[in-house]
Amino acid sequence: MAKHFQKKGRRILGWDLQDWIKGFFGTNATLSIVILLLICFYLIREAVMFFPSHHQGLTLYRQTGQEFVGHLIEEVDEHAKIVAMTDQAYYRELDEKFGNERGVSDSYEALLEPLEDAGEDFIDALDDEEEGAQEAWDTFATKTLSKVYKKEIDTFNRLDDDSWNALLASMKGWDPLEGDPPAFVEEARAKMKEGMASFELARAEVSAADDQLDSLRGKLVKIASVVREDAKAELTSAARKIALEQGIASTTDPDKKAELEEKLSEVKIMDSFPFAARSTPMAESKDAHKAAAADLKAKLTAGVAKLPAEFASQPAAELIERVRKKTPDVLEELDESVAEAARWRWDKPVGYFDSALQFFFGRDWVTNSSWHDFYGLLPLFTGSVLISCIALAIAVPFSVGAAIYVNRIATRLEQNIIKPVIEMVQAIPSVVLGIFGILVLGEGLREFSQVEALSWIPGFPMQERLNILNAGLLLALMAVPTIFTLCEDALNNVPRSFSEASLALGASRIQTVIKVILPTAISGIFAAILLGLGRVIGETMVVLLVAGNKIAMPDWGAGVGVVAQPTHTMTGIIAQEMGEVADGTLHWRALFLVGLVLFTISLCINVAAQRIIRRLSHL
Amino acid sequence: MNPFVAKTKTRKRKDQASVVIFAVATYLLVACAVGIFFKIASAGAPILFASEDSFINWDFLTKNPETLVVFEIEEGEKIRMDQTDFTEWKKENPGVEVLNEKTHAYTGGGILGPLVGTAMLVVTCMVVALVVGVSASVYLNEYARKGLLMNAIRLAIMNLAGVPSVVFGLFGFALFCLSDWWPALTYTINEERTMGYFAIPLTDGYLSFQGWGSGSSLFAGGLTLAVMVLPVIIAACEESLKAVPKGFREASLALGASKWQCIRTAVLPYATPGILTASILGVTRVAGETAPIMFTAAVADKAKLPWEEAEGNGLFWLSDVMMQSVQALPYHIYTFARLPNTEETAATQNGTVFVFLMLVSVFAGLSIFLRIFFRNKLKW
Amino acid sequence: MKYTVILTIGNLLAGSVFAQEKIVMKGSDTLGAKMVPQLKEAYLAEGSKVNFEIAAEGSSQAFTNLLAGTCNIGMSSRNVKDSEQDSFTAKGQTLIEHVAAWDMIAVVVNKGNGVRGLTLEQVGDIFTGKITDWGQVGGKPGKISAYTRNTASGTYKTFQGLAMNKEDYGSSTQKMAGNEQIATEVAGNINGIGYVGLAYSAKDGLRAIKVGGESPKPRNKADYPLSRKLFYYTVGKPTGETKKFIDWATTSSAAAKVIDKVGFIPLVEAK
């Protein structure tokens, strides 16, 4: 035996067998470290390169004057919100006062559809005044109309039966060549018009208040877009020239060569793009902008003042109330925005720090745009955090509770069943949970939320089946095994003597658990929750499929009901947009930066959790 | 004064009430878990199991996905047929008039392609991850001198275990799919790839450095998954190695064994159960992942299995197989998630989900079983 | 030694290997989710032995893959962009465009919603986020849920050009991965609105509304404001199996029948 051990192997390149084996293991260890370093390197390299390109993009945005126009766009959008509310109020009021008339008018349009479709076949015959054409059409029209039922057409049930029958009767003589509505419909329309005249007038005034600003916006958007295109072409012209030259060199087809050469001759390279000259229209519009804003202000105030004070419909009254309240705010913001726009200068440098902030705190993520691509992390980050919070809020009580039950209360048999079952949850692939969320949970939640008796719950009834709550519930399930297992370990680590002492003092089991064991195990439980958070925030497929993919800040006005809204997440955006972007573009780097943010978050969470766990094991 | 003393009766009631609350929380969780498994099984089982013959619908497991045609010959009687069968059938019955013909992409046939693809991805991944992971942890645990550096490395590896899988996908896509300097055995050189000029001529082809095939490939997907699961495997292996009592090593070395002999005879055999359990758990995780293979390996539709399509001989063939893109079960389900789930398509979709869940659960169950089994058996 | 073992295993596994031509098609979901897989099957049924591989994540994918040389045919529901064209030029390649079929982008709403028609401007305003409530366009009051395709999609871009005056989508729009997903969501959400290829608009619970007074029906191809062409792209003139397939798919009446059946408008009359 001893001899066997002492045998010296052959030496290859000065290493004996032992050295080679050690070398093999060592190489693999190095390899794995290298791979892990590579991950960091790749992520950081691509992500860091985002900042200069992003800065460049923002500078271009400023230099082309788009930034100035951006203010106008925002102002017009703000005005549109007021208009939206006024319009809603108008139609609600209309429905309340003239529901039946509106039903007549709408149903007429609806009834027209099948007749018009079929009418085309009859028109030629009618046109030529063929014999029997008129009768054929009449029979057809009557037959078609008699087959239509009120509830199919009048989805809102606005119409009473008498009006419906009157409408049908008046439709029977309808001539596909004529096309004018029957008198009955005209009457209803006239009545509506008359009854709503004053509201309509005020509404039109509110809506038209931004005409001047909007036309200025339209004009400037066009100019700025052209400047942007030209500037981009200019900035890439050097690259384009090289590309074309390479193309000419690599092609053998003479026609193709000639074509490319012609293109090449069109490429002009200037030393610098004349931003100062090209952005003059924007700079010169500052006064026009002020004037348009003042015009908007005056007209909007006048229009809002003219809105009726009394309403038949309660929601309409509320909406107009909100309009009245919101208008001063909008006007104030308008002033600020105008002042801000007046400060715009094409040659003011964009700060590097500012451009970085724009990524981390930007509220827009707009890609593949013909205007300007915005990369703002905030809505995605908020979405991820919101979903994770909900997932943890649900998962933590359940899994900690289950851990306590299994560890302290359950019988041996229960333990042997419950533990594996909860562990099996970990095995459910996320894409399976995702499809489950779409088909079963989403549909179920929506139906459940539509139960009349539950409509007091904020966010109910849900419109969307793909929303934050749905994703949060599924992720809660995914977090349970992690939290449960680690919690149970933490409870297990509490020395027996603690609980024995507590029980001996006459405490009940629950008192022991809550007052003695939980405080002792609390840091372990905290670590478990942290790791659960790490698992939830990094999950991709469930949120991609179930969260609803709306890239916007949640509407906090809904309170707790915010959970019924769709959102988008950091992981989701990578999975969704990675397939489409070309290597090395700004968008590509933005996605890598999002990846790096995720990487950092999960690393921090893990380090914190590991530290807690290690400190515990030193106890 | 004893702080715990209270009125016995209310105390007892409180105690019981809270026990009930904890029990309810626990059993609600269990019910959710069982409910999901049951729901998926009950929805998916019908297509997999038949009431006669072999009791298993082998067609579903041995055919590739294709389009499903649903049509009627007589009003109200729906007939389902795969596209290929339908074309045949039409040739044979040219006179029959077909009513209400509807087609559903990916819903006909079976799921052989995705099954095979997932299996190949898992095998590729586990081979790499186990070789690298086990030897790395052996080195870290047995050879490396303990110190700050080793601790830092170990900590770094542990922490990477929590990094989101989509980040690994991002990384794998950039590193394995886009880089054009990965070596591969090929018959031709793709000169567009810049590194393509650095090809080493072999007897009947080249060892060329032009990257791995068509953007997505088994190589790229397998390695991305391997990188993802590597930290998990290393952590688990180290734990198993650490659990082997120091005395075993000392005794072995004292008897004059060399380091390698000591590891081979006195350490590894006792660490194997732990490593085995961990790697099966790794299989579960790897097989279920979608995000890392979305960009690196998977395609929605592929007519042939990777080996049917590969060209060449011997190693060249093997290399070509590994450079093929594949269908994969999770990605197939992702495709389904974007298609409508109607009466006509639900059976296939649910069936696929069921098969996938079963496969993954079998591995997960196995790892749980093994862990309990070994824990009861191995005590020192 | 080890090398020989692997070599032998490899040789054993190799079995029958014949060089077979393969057509890899990547790009648009509008084409790739329904039409092309079925064209493929019809094509194979006619006796061809070529292998197909199809991936459909969005039109942009077509050009990145054509450029990387990783597909033979790019499917796109929009024209190639200048910037994309440039990168091909740089490599001395020409991109050849083949019209695959006509399509109309149908604007769909839930059947339970009373709206039957909108003007093009209203449609645009809904997707840019200026109109947020159905009450504003004459429907039953309720917050509009607008579903759009994701940014990789050609439909996304085409729609932006045709209906939205190239303005950006409002941030409240939800981005879906495919036509089917939009159809499903709108069919389930009474306040939903979305746009899909014509082929996807015939679904229970959906109504394809009139836009600017024209309904999306094949006969209105010329008048309907949201009509567009679908394309196949190849690098250089197609050759071999690729050429055969494209010729078949764009000119044969068998292909036209398939195209018609899945709900697009073929270039040649289907018999």
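The values are calculated or read from the model by the stated rules, or taken from the named source; none is laboratory data. As the structure is a prediction and not an experimental result, all values here were calculated from the model. Every residue, glycine among them, receives a Cβ derived from its backbone with ideal geometry; neighbour counts consider all protein chains shown. What goes into the accessible areas is simple: the full protein's heavy atoms, side chains included, and nothing from ligands, DNA or RNA. Shrake-Rupley method; radii C 1.70, N 1.55, O 1.52, S 1.80 Å.
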(message) Condition (residue is open to solvent by less than 30 Å² (accessible area, probe 1.4 Å), more than 14 Å from chain B (Cβ to nearest Cβ), under 21 Å from A:Thr585 (Cα atoms) and touching a residue at least 12 places away in the same chain (Cβ under 8 Å)) applied to region A:376-393: is it met by at least one residue?
(response) yes
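With respect to B:Ala31, is the statement that it is more than 21 Å from B:Thr342 (Cβ to Cβ), among the hydrophobic types (A, V, I, L, M, F, W, C), open to solvent by less than 80 Å² (accessible area, probe 1.4 Å) and more than 7 Å from chain A (Cβ to nearest Cβ) true? Write out each step before concluding.
Working: more than 21 Å from B:Thr342 (Cβ to Cβ): yes; among the hydrophobic types (A, V, I, L, M, F, W, C): yes; open to solvent by less than 80 Å² (accessible area, probe 1.4 Å): yes; more than 7 Å from chain A (Cβ to nearest Cβ): yes.
Yes: the conditions hold for B:Ala31.
Quick check: is even one residue across region A:57-67 hydrophobic (A, V, I, L, M, F, W, C), more than 14 Å from chain B (Cβ to nearest Cβ) and in a helix (DSSP H, G or I)?
Looking only at region A:57-67, we keep the residues that are hydrophobic (A, V, I, L, M, F, W, C), and these are A:58, A:60.
Applying the additional criterion that residues be more than 14 Å from chain B (Cβ to nearest Cβ) yields A:58, A:60.
Remaining after also requiring in a helix (DSSP H, G or I): A:58, A:60.
The answer is yes; a qualifying residue exists.
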(request) Could you please find all residues in region C:144-180 being facing chain A (nearest Cβ under 7 Å) and closer than 19 Å to C:Gly112 by Cα? (result) C:Ser145
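Specify the residue that is nearest to the other protein chains (Cβ to nearest Cβ); the eligible residues are those in region A:535-548 that are within 11 Å of A:Ala471 (Cα to Cα) and in a loop (DSSP other than H, G, I, E, B). So that I can check it myself, show each step before the final result.
Taking region A:535-548 as the starting set, the residues that turn out to be within 11 Å of A:Ala471 (Cα to Cα) are A:536, A:539-548.
Imposing the further condition that a residue be in a loop (DSSP other than H, G, I, E, B) reduces the set to A:539-540, A:547.
On the way: A:Glu539: 7, A:Thr540: 4, A:Ala547: 9 Å.
Restricting to residues being within 11 Å of A:Ala471 (Cα to Cα) and in a loop (DSSP other than H, G, I, E, B), the top hit is A:Thr540.
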(message) Against the condition open to solvent by less than 20 Å² (accessible area, probe 1.4 Å) and either of a type in the set (S, T, N, Q) or free of Cβ contacts under 8 Å to residues at least 40 places away in the same chain (or both), how does A:Ser455 come out, does it pass?
(response) no
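For (1) touching a Gly at 6+ places or on another chain (Cβ under 8 Å); (2) assigned by TED's automatic domain parsing to the domain that holds C:Gln181; (3) surrounded by 24 or more Cβ atoms within 10 Å (Cβ to Cβ), each residue gets a yes or a no:
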site	(1), (2), (3)
C:Glu57	yes, no, yes
C:Ala68	yes, no, no
C:Asn72	no, no, yes
C:Gln85	no, no, no
C:Leu120	yes, yes, no
C:Gln136	no, yes, no
(message) Can you pull out every residue in region A:587-605 that is open to solvent by 10 Å² or more (accessible area, probe 1.4 Å), away from chain C (no Cβ under 14 Å) and touching a residue at least 40 places away in the same chain (Cβ under 8 Å)?
(response) A:Arg589, A:Leu596, A:Val597, A:Phe599, A:Ile601, A:Ile605
(request) Please indicate, with yes or no, whether at least one residue in region C:230-237 is free of Cβ contacts under 8 Å to residues at least 12 places away in the same chain and assigned by TED's automatic domain parsing to the domain that holds C:Ile259. (result) no
(message) With the requirement that a residue be more than 7 Å from chain B (Cβ to nearest Cβ) and touching a residue at least 12 places away in the same chain (Cβ under 8 Å), what does region A:400-422 give you?
(response) A:Val400, A:Ala403, A:Asn407, A:Arg408, A:Lys419
(request) Return a yes/no flag: does region A:423-435 have any residue that is under 17 Å from A:Leu486 (Cα atoms), touching a Leu at 6+ places or on another chain (Cβ under 8 Å) and in contact (Cβ under 8 Å) with a residue 12 or more places away in the chain. (result) yes
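Report yes if C:Ala222 is hydrophobic (A, V, I, L, M, F, W, C), open to solvent by 30 Å² or more (accessible area, probe 1.4 Å), out of contact with any strand residue (DSSP E or B) (no Cβ under 8 Å at 6 or more places or on another chain) and modelled with pLDDT of 85 or more, otherwise no.
Working: hydrophobic (A, V, I, L, M, F, W, C): yes; open to solvent by 30 Å² or more (accessible area, probe 1.4 Å): yes; out of contact with any strand residue (DSSP E or B) (no Cβ under 8 Å at 6 or more places or on another chain): yes; modelled with pLDDT of 85 or more: no.
Criteria not met by C:Ala222.
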(request) Give C:Ser201, C:Ser253 a once-over and let me know the one that is crowded, with 20+ Cβ neighbours inside 10 Å and among the hydroxyl-bearing types (Ser, Thr, Tyr). (result) C:Ser201
(message) Restricting to region A:556-586, name every residue that is at pLDDT 85 or above and within 9 Å of another protein chain (Cβ to nearest Cβ).
(response) A:Pro566, A:His568, A:Met570, A:Thr571, A:Gly572, A:Ile574, A:Ala575, A:Gln576, A:Glu577
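Can you pull out every residue in region C:44-55 that is part of a helix (DSSP H, G or I) and either of a type in the set (Gly, Ala, Ser) or open to solvent by less than 30 Å² (accessible area, probe 1.4 Å) (or both)? First the steps, then the outcome.
Residues of region C:44-55 part of a helix (DSSP H, G or I): C:44-45.
If the condition is that a residue be part of a helix (DSSP H, G or I) and either of a type in the set (Gly, Ala, Ser) or open to solvent by less than 30 Å² (accessible area, probe 1.4 Å) (or both), then C:Ala45 is the only one that fits.
Applying the selection to region A:301-360, what residues are acidic (Asp, Glu) and over 27 Å from the mean Cα position of the chain (by Cα)? First the steps, then the outcome.
At the first step, the residues of region A:301-360 found to be acidic (Asp, Glu) are A:310, A:318, A:321, A:329, A:332-333, A:335-336, A:340, A:347, A:354.
If the condition is that a residue be acidic (Asp, Glu) and over 27 Å from the mean Cα position of the chain (by Cα), then A:Glu310, A:Glu318, A:Glu321, A:Glu332, A:Asp335, A:Glu336, A:Glu340, A:Asp347 are the ones that fit.
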(request) Go through region B:60-98 and give me each residue that's within 32 Å of the chain's Cα centre (by Cα), within 11 Å of another protein chain (Cβ to nearest Cβ) and open to solvent by less than 50 Å² (accessible area, probe 1.4 Å). (result) B:Pro65, B:Glu66, B:Thr67, B:Leu68, B:Val69, B:Asp82, B:Gln83
(message) Among the residues of region A:422-464, what is the count of those that are within 26 Å of C:Ile190 (Cα to Cα), part of a helix (DSSP H, G or I) and polar (S, T, N, Q)?
(response) 1
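What number of residues within region C:85-110 satisfy the criterion of being outside any strand (DSSP E or B) and either within 9 Å of chain A (Cβ to nearest Cβ) or under 21 Å from C:Asp247 (Cβ atoms) (or both)? Reasoning before the result, please.
Applying the first criterion (outside any strand (DSSP E or B)) to region C:85-110 yields C:85-94.
Within this subset, residues satisfying the condition of being either within 9 Å of chain A (Cβ to nearest Cβ) or under 21 Å from C:Asp247 (Cβ atoms) (or both) are C:86-94.
Final tally of qualifying residues: 9.
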(message) Considering only region B:247-264, I want to know if a residue exists there that is in contact with an Asp or Glu (Cβ under 7 Å, 6 or more places away or on another chain), assigned by TED's automatic domain parsing to the domain that holds B:Val134 and within 19 Å of B:Phe369 (Cα to Cα).
(response) no
(message) Condition check: within 14 Å of chain A (Cβ to nearest Cβ), open to solvent by less than 30 Å² (accessible area, probe 1.4 Å), outside any loop (DSSP other than H, G, I, E, B) and not β-branched (Val, Ile, Thr). Does B:Ser252 satisfy that?
(response) yes
(message) Checking A:Val185 against (1) farther than 23 Å from A:Ser105 by Cα; (2) of a type in the set (Val, Ile, Thr); (3) over 32 Å from the mean Cα position of the chain (by Cα): exactly one of these is not met. Which one?
(response) (1)
(request) List the number of the failed condition for A:Ile248; all other conditions in (1) of a type outside the set (Gly, Ala, Ser); (2) more than 30 Å from A:Arg345 (Cα to Cα); (3) surrounded by fewer than 17 Cβ atoms within 10 Å (Cβ to Cβ) hold. (result) (3)
(message) Any residue that is more than 21 Å from B:Asn64 (Cα to Cα), within 14 Å of chain A (Cβ to nearest Cβ), at pLDDT 80 or above and touching an Asp or Glu at 6+ places or on another chain (Cβ under 8 Å) - is there at least one of those in region C:45-59?
(response) no
(message) Looking at A:Ala575, A:Ala582, can you tell me which residue is touching a Ser or Thr at 6+ places or on another chain (Cβ under 6 Å) and open to solvent by less than 10 Å² (accessible area, probe 1.4 Å)?
(response) A:Ala575
